[in-house]
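Step one of this worksheet: look at the structure below.
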Amino acid sequence: MGEQSGGTQYLRRTPARRFVPSEADLGRWAHVEPLFRDLLERPVRSAEALEAWLVDASELAAALSEERSRRYVAMTQQTDDPDREAAYLQFVRDVQPRTEPLWFSVRRRYLNLRRRFPLPQDRYFVLDRDTHNAVELFREENVPLRVQETELEQRYQKVAGGWSVWFRGREYTVQQMARFLEEPDRATRQEAWEAVVRRRLEDKEVLEDLFDRLVALRHRMAQNAGFPDYRDYAFRALGRWDYTPEDCLAFHAAVERHVVPLLEALQERRRVQLGVDRLRPWDLEVDPLGQPPLRPFRDGQELARKALEVFRGVHPELGEQFRFLWDEGLLDLESRKGKAPGGYQATFDERRWPFLFMNAAGVASDVRTLVHESGHAFHTLAVRDEPLLSYRHAPTEFSEVASMGMEVLSLPHLDVFYPEEPDRRRARREFFEGVVRLLPWVATVDAFQHQLYAQPGHTRQERVQWWRGVFRRFRGKVDWSGYEEAEAYLWHRQLHLFLHPFYYIEYGVAQLGALQLWLRSREDYEEAVARYRAALRLGGSRPLRELFEAAGLRFGLGEDVVAPLARALAEELQALGSG
Ligand SMILES: [Zn+2]
């Protein structure tokens with residue numbers, strides 16, 4: 001261990017607090033408020049003092065963020081402990097909302113101070129731009145509208161969270177029902193699929209009503225902020241400085257032209273393998289050859305041990321970093337009773353450590369999940385030396401390159417999980433097929449929203465027609481006949497449309513980056529890894545386009561980027577025997 005911990009000693013060191021008192025209880029407003037007062041009232045008389053002030057503000061933001069993350073992690077690790085839930089809720093209800101208006105004042109003060117004291121332009125370009133943007137978009141009259149929006153969003157979560165069905169004598173959540181879509185018996189799949197669809201359609205009117213109100217509300221917020229429609233507003237609010245709505249439309253067109261044909265080829269192959277005359281919506285998840293699922297590991301220990309080998313293969317230092325996470329108890333991988341479902345990477349912003357949470361069950365998708373989330377974790381560790389919290393987080397379009405990029409960089413090292421060549425090929429094929437399925441779906445969700453918010457006065461009838469149009473444009477050759485209503489309201493299940501409008505294209509942008517990284521890594525693996533790591537170290541301190549360039553990737557959404565990647569995907573799938 002001596003050798004090991006020596007190599008990762010730097011990960012244990014965290015800059016000491018110099019502003020937030022070490023004994024401060026960040027769950028108590030009485031301890032938090034004076035720190036904000038200090039930031040808002042402390043005299044700042046020089047550029048040096050302003051930089052120190054910025055670091056102090058960052059320290060407070062990181063400490064508050066870590067408090068929230070720790071409570072969140074503790075709650076999800078044991079959901080049957082009411083004390084943990086209460087501690088988390090206390091923080092998000094009593095502390096966090098009170099910080100928001102104060103952060104706004106802190107930002108405004110920064111802009112005022114910034115005008116008086118010169119700071120290096122290049123270093124503060126992103127911070128200045130984003131702070132300016134946040135202050136500029138703020139409208140007092142949008143505060144109550146935002147509260148209404150949150151309430152509607154919570155109603156959606158309640159409705160969707162209540163989706164459970166009785167199936168063959170047992171009750172399942174719709175997430176649990178997914179496993180029946182992998183059943184070799186076609187009648188079982190159809191029955192399971194229909195049960196889920198029927199359940200969702202029961203809430204059709206409720207969700208249509210919710211959505212009408214969300215669109216109207218969002219349109220008003222955009223107009224209050226001086227924008228013609230919510231799309232333009234959302235692009236600014238999401239900080240999309242490097243691409244425009246037109247670039248997204250170009251992405252849709254390029255995906256339709258170059259990726260949908262690949263999707264159709266995969267579907268046709270699947271249809272033939274399944275031996276059916278038409279591919280139906282319940283035929284998409286089952287293994288078309290009727291093989292049992294891959295079993296790449298048995299338990300959490302084995303998953304971690306094998307993942308460690310993979311990361312060592314990518315780069316020895318990433319191996320050490322993963323070992324560090326394991327030693328420090330920053331991995332919670334195995335499914336167990338009382339643990340919340342799903343997987344995430346949380347950041348303890350003050351310690352500058354990641355935390356990985358997932359529910360491994362021994363299947364191939366668990367390997368992909370761990371590799372993906374570890375990419376986020378390496379990103380978090382790469383930016384530890386950056387004093388400004390906002391620069392320790394990259395925009396999603398690039399932070400997903402860190403995670404999706406780690407998925408492609410791990411591909412040559414997966415033999416530890418799949419020692420047999422046929423399994424390895426199958427895992428690779430499933431991975432690349434996943435990419436071919438993802439891009440058209442991203443285009444579908446994104447294209448739909450462009451239409452919705454550009455014409456906020458639309459009727460429900462028009463909305464359904466638009467959805468049908470975009471869905472059919474990208475869905476490939478799947479036969480939905482007889483299920484027209486299910487098709488028309490399929491989008492009700494896509495949480496982002498209700499909760500995170502316009503937030504989805506990020507996954508497409510990042511996937512294009514990750515695929516470029518894959519191609520680069522085939523040319524010169526070490527060089528590709530080195531550029532990837534160099535870009536991770538920049539965190540969010542540079543504009544998005546520069547982050548891509550630092551990684552050796554072209555930033556773009558159009559045909560010039562999509563077409564060559566689609567060609568490479570087609571060749572790879574061909575080589576894997578699924579073209
Ligand atoms: Zn991710």
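Considering only segment 409-467, how many residues are of a type in the set (Phe, Trp, Tyr) and under 21 Å from His500 (Cα atoms)?
Total satisfying the criteria: 5.
Sort out which residues of segment 400-419 are over 13 Å from Ala528 (Cβ atoms), of a type in the set (A, V, I, L, M) and within 15 Å of the ligand (Cβ to nearest atom), and write them in order of number.
Ala402, Met404
Being out of contact with any Ser or Thr (no Cβ under 8 Å at 6 or more places or on another chain) and of a type in the set (Val, Ile, Thr) is the filter here; which residues of segment 405-464 pass it?
Once the filter is applied, which keeps residues that are out of contact with any Ser or Thr (no Cβ under 8 Å at 6 or more places or on another chain) and of a type in the set (Val, Ile, Thr), segment 405-464 yields Val416, Val435, Val436, Val442, Thr444, Val445, Thr459, Val464.
Among the numbered criteria (1) within 16 Å of the ligand (Cβ to nearest atom); (2) in contact (Cβ under 8 Å) with a residue 40 or more places away in the chain, which single criterion is violated by Leu452?
In the conditions (1) within 16 Å of the ligand (Cβ to nearest atom); (2) in contact (Cβ under 8 Å) with a residue 40 or more places away in the chain, Leu452 misses (1) alone.
List pairs: first residue in segment 363-388 and charged (D, E, K, R), second residue within 11 Å of the ligand (Cβ to nearest atom) anywhere in the structure, Cβ distance under 6 angstrom, at least six positions apart or on different chains.
Glu373/Gln345
Got a number for residues in segment 386-399 being away from the ligand (no atom under 12 Å from the Cβ) and assigned to a helix (DSSP H, G or I)?
The total comes to 4.
Within segment 374-385, which residues are hydrophobic (A, V, I, L, M, F, W, C) and within 11 Å of the ligand (Cβ to nearest atom)?
Residue satisfying the conditions is Ala377 alone.
Hand me the list of helices (runs of 4 or more DSSP H) wholly inside segment 26-137 holding 3 or more residues that are over 28 Å from the mean Cα position of the chain (by Cα).
Fully inside segment 26-137 and qualifying: 29-41, 47-77, 96-116.
For the structure I just gave you, tell me whether Asp122 is closer than 30 Å to Ala225 by Cα, without any contact (Cβ under 8 Å) to a residue 24 or more places away in the chain, among the acidic types (Asp, Glu) and surrounded by 14 or more Cβ atoms within 10 Å (Cβ to Cβ).
no
Kindly list, by first and then second residue, each pair from a residue in segment 398-414 that is polar (S, T, N, Q) to a residue that is in a helix (DSSP H, G or I) and away from the ligand (no atom under 14 Å from the Cβ), limited to pairs with Cβ atoms under 7 Å and residues at least 6 apart or on different chains.
Ser410/Val310; Ser410/Val314
Please specify each residue of segment 540-579 satisfying the condition of being out of contact with any helix residue (DSSP H, G or I) (no Cβ under 7 Å at 6 or more places or on another chain), in a helix (DSSP H, G or I) and of a type outside the set (A, V, I, L, M).
Arg545, Glu546, Glu549, Asp560, Pro564, Arg567, Glu571, Gln574 - these are the residues of segment 540-579 that are out of contact with any helix residue (DSSP H, G or I) (no Cβ under 7 Å at 6 or more places or on another chain), in a helix (DSSP H, G or I) and of a type outside the set (A, V, I, L, M).
Restricting to segment 538-556, count the residues that are touching a His at 6+ places or on another chain (Cβ under 9 Å) and at negative phi.
1
Could you run through segment 51-108 and say how many residues are without any contact (Cβ under 8 Å) to a residue 40 or more places away in the chain and of a type in the set (A, V, I, L, M, F, W, C)?
7
With respect to Gly434, is the statement that it is within 16 Å of the ligand (Cβ to nearest atom) and crowded, with 24+ Cβ neighbours inside 10 Å true?
no
Do we have any residue at all in segment 98-119 that's surrounded by fewer than 17 Cβ atoms within 10 Å (Cβ to Cβ) and under 20 Å from Tyr344 (Cα atoms)?
For segment 98-119, residues surrounded by fewer than 17 Cβ atoms within 10 Å (Cβ to Cβ) and under 20 Å from Tyr344 (Cα atoms): absent.
Tell me, which residue of segment 189-239 that is surrounded by 15 or more Cβ atoms within 10 Å (Cβ to Cβ) and touching a strand residue (DSSP E or B) at 6+ places or on another chain (Cβ under 9 Å) is farthest from Arg139 (Cα to Cα)?
Ranking the candidates gives Glu191 first.
Whether any residue in segment 512-523 is assigned to a helix (DSSP H, G or I), of a type in the set (S, T, N, Q), within 18 Å of the chain's Cα centre (by Cα) and surrounded by 18 or more Cβ atoms within 10 Å (Cβ to Cβ) is what I want to check.
No, every residue in segment 512-523 fails to be assigned to a helix (DSSP H, G or I), of a type in the set (S, T, N, Q), within 18 Å of the chain's Cα centre (by Cα) and surrounded by 18 or more Cβ atoms within 10 Å (Cβ to Cβ).
How many residues are exposed (fewer than 14 other Cβ atoms within 10 Å of the Cβ), at pLDDT 95 or above and among the basic types (Lys, Arg) if we restrict to segment 274-297?
Matching residues across segment 274-297 total 1.
Looking at segment 141-162 only, could you name the residues that are at pLDDT 90 or above and not in a helix (DSSP H, G or I)?
Glu141
Quick check on segment 401-424. Is at least one of its residues touching an Asp or Glu at 6+ places or on another chain (Cβ under 8 Å) and within 24 Å of Gly508 (Cβ to Cβ)?
Among the residues of segment 401-424, at least one is touching an Asp or Glu at 6+ places or on another chain (Cβ under 8 Å) and within 24 Å of Gly508 (Cβ to Cβ), which makes the answer yes.
Of the residues Leu40, Leu11, which single one is touching a helix residue (DSSP H, G or I) at 6+ places or on another chain (Cβ under 8 Å), buried (at least 18 other Cβ atoms within 10 Å of the Cβ) and hydrophobic (A, V, I, L, M, F, W, C)?
Just one listed residue meets the conditions, Leu11.
With respect to the numbered conditions (1) of a type in the set (A, V, I, L, M, F, W, C); (2) buried (at least 18 other Cβ atoms within 10 Å of the Cβ); (3) over 26 Å from Gly540 (Cα atoms); (4) touching a residue at least 40 places away in the same chain (Cβ under 8 Å), which one is the sole condition not fulfilled by Trp441?
It fails just one condition, (4).
Within segment 459-466, does at least one residue satisfy the condition of being surrounded by fewer than 19 Cβ atoms within 10 Å (Cβ to Cβ), at pLDDT 95 or above and part of a loop (DSSP other than H, G, I, E, B)?
yes
The values are calculated or read from the model by the stated rules, or taken from the named source; none is laboratory data. Because the structure is predicted, anything quoted here is derived from the model rather than measured. Backbone-built Cβ (ideal geometry, glycine too); neighbour counts: all protein chains shown.
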